[in-house]
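The values are calculated or read from the model by the stated rules, or taken from the named source; none is laboratory data. On a predicted model such as this, the values are computed, not experimentally measured, just so you know. Note that each Cβ is placed from the backbone with ideal geometry, even for glycine, and that neighbours are counted across all protein chains shown.
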Amino acid sequence: MKIGVLSRDQSLYSTQRLIEAAQQRGHEVEVIDALRCYMNINSDKPEIHYKGQELTHFDAIIPRIGASVTFYGCAVLRQFEMMGVYALNGSVAISRSRDKLRSLQLLSRKGVGMPITGFASKPDDVKDLLDMVGGAPVVIKLLEGTQGIGVVLAETRKAAESVIEAFMGLKANIMVQEYIKEAGGADIRCFIIGDKVIASMKRQAQEGEFRSNLHRGGSASLIRITPEERKTAIKAAKAMGLSVAGVDLLRSERGPLVMEVNSSPGLEGIEKATGKDIASLIIEFIEKTTAQHKGAVRAEG
Ligand SMILES: Nc1ncnc2c1ncn2[C@@H]1O[C@H](COP(=O)(O)OP(=O)(O)OP(=O)(O)O)[C@@H](O)[C@H]1O
Ligand SMILES: [Mg+2]
Ligand SMILES: [Mg+2]
């Protein structure tokens, strides 16, 4: 097969591992920078050109679209879909996953457990918003934050009000969430391929910190998840329409709560924590699904 990895940086761990695994399994791989693709949108023959050449020969695309290039990256992926090329995760599902508000709305509609979450755009109703999510302590998050930056724990109502007002004053989009104290600064990353959790790890925040992000000094370790956690993670990925996903859960008194569903989950942390060859499992999955996909043109979205 000829597989394209839609990635801006060939040297990234995840991209490297996918290239290695695909080659090991006898496939041809090419890394494509979405921002260097230009497209011809016409009704009889959609085309993608790349550095002066037309891209016509791919059987499957692995999208590894960074958050900062979601818009254009998804447009390129959509063009591949219109050409009948199989995409490991579809453009519609990826753009959905990049919008935290939309994602949580979708998950709640499907009955997936999550921390009580409020959104508002004006500071006028902050008091009622806080009551709605159960009062302090609360976690306040910038919608466009990543790697734990822009995630604040407000322990008192006064602190919460000031932080929310400050963010809103800066015209930042935020959400306010019930703080799941009993998670103890840990979350669980479930790595999904198809309809299975193929690996999971626990990330524990460092002493004195509630954010478990590895970028914030958290540490990863192996964990056995419960059947309920497994079921929840699978349901969340399915609700989002993602074949490959990283579902982040918090362990709460009322069971597993989904924090977010990632459509380009990194391989480094999870491969190192579990010792599993996840890149090869992804390629194997593509071999199976591409065969089923042949001929079907996906042009949704
Ligand atoms: N409601 C909550 N209750 C307890 N802990 C939380 C809550 N929300 C977030 N955390 C902790 O803070 C960390 C960062 O939060 P979150 O994952 O929402 O933001 P982020 O990592 O910046 O976003 P992204 O993963 O999209 O980059 C989580 O991994 C978790 O450890
Ligand atoms: Mg996170
Ligand atoms: Mg994320």
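Computed quantities for the displayed model
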read-out	value
The listed residue being within 19 Å of Gly111 (Cβ to Cβ), touching a strand residue (DSSP E or B) at 6+ places or on another chain (Cβ under 8 Å) and hydroxyl-bearing (Ser, Thr, Tyr), out of Thr226, Thr274, Thr290	Thr226
Any hit, region 102-121, residues being in contact with a Phe, Trp or Tyr (Cβ under 8 Å, 6 or more places away or on another chain) and either under 15 Å from Ser7 (Cβ atoms) or free of Cβ contacts under 8 Å to residues at least 24 places away in the same chain (or both)	no
Conditions (1) in a strand (DSSP E or B); (2) more than 15 Å from ligand 1 (Cβ to nearest atom): number failed by Val247	(2)
Count of residues meeting criterion [within 16 Å of ligand 3 (Cβ to nearest atom) and out of contact with any strand residue (DSSP E or B) (no Cβ under 9 Å at 6 or more places or on another chain)] in region 107-152	4
Criterion (more than 13 Å from ligand 1 (Cβ to nearest atom), within 30 Å of Asp128 (Cβ to Cβ) and either at pLDDT 95 or above or more than 19 Å from the chain's Cα centre (by Cα) (or both)) met by exactly one of Lys238, Lys171, Lys231	Lys171
Meets criteria (over 18 Å from the mean Cα position of the chain (by Cα), assigned to a helix (DSSP H, G or I) and either crowded, with 18+ Cβ neighbours inside 10 Å or free of Cβ contacts under 8 Å to residues at least 24 places away in the same chain (or both)) for Ile270	no
Scope region 11-55; condition modelled with pLDDT of 95 or more, polar (S, T, N, Q) and either touching a strand residue (DSSP E or B) at 6+ places or on another chain (Cβ under 9 Å) or crowded, with 17+ Cβ neighbours inside 10 Å (or both); matching residues	Ser14, Thr15, Gln16, Gln23
Among residues of region 174-225, those that are more than 16 Å from ligand 3 (Cβ to nearest atom) and more than 19 Å from the chain's Cα centre (by Cα), counted	22
Region 201-228 - residue that is within 9 Å of ligand 1 (Cβ to nearest atom) and in a loop (DSSP other than H, G, I, E, B) and, of those, farthest from Ser95 (Cα to Cα)	Glu209
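Every residue, every condition in (1) modelled with pLDDT of 95 or more; (2) within 14 Å of ligand 1 (Cβ to nearest atom), yes or no:
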| site | (1), (2) |
| --- | --- |
| Arg109 | yes, no |
| Met114 | yes, yes |
| Ser121 | no, no |
| Asp124 | no, no |
| Asp128 | no, no |
| Asp131 | yes, no |
| Gly134 | yes, yes |
| Val138 | yes, yes |
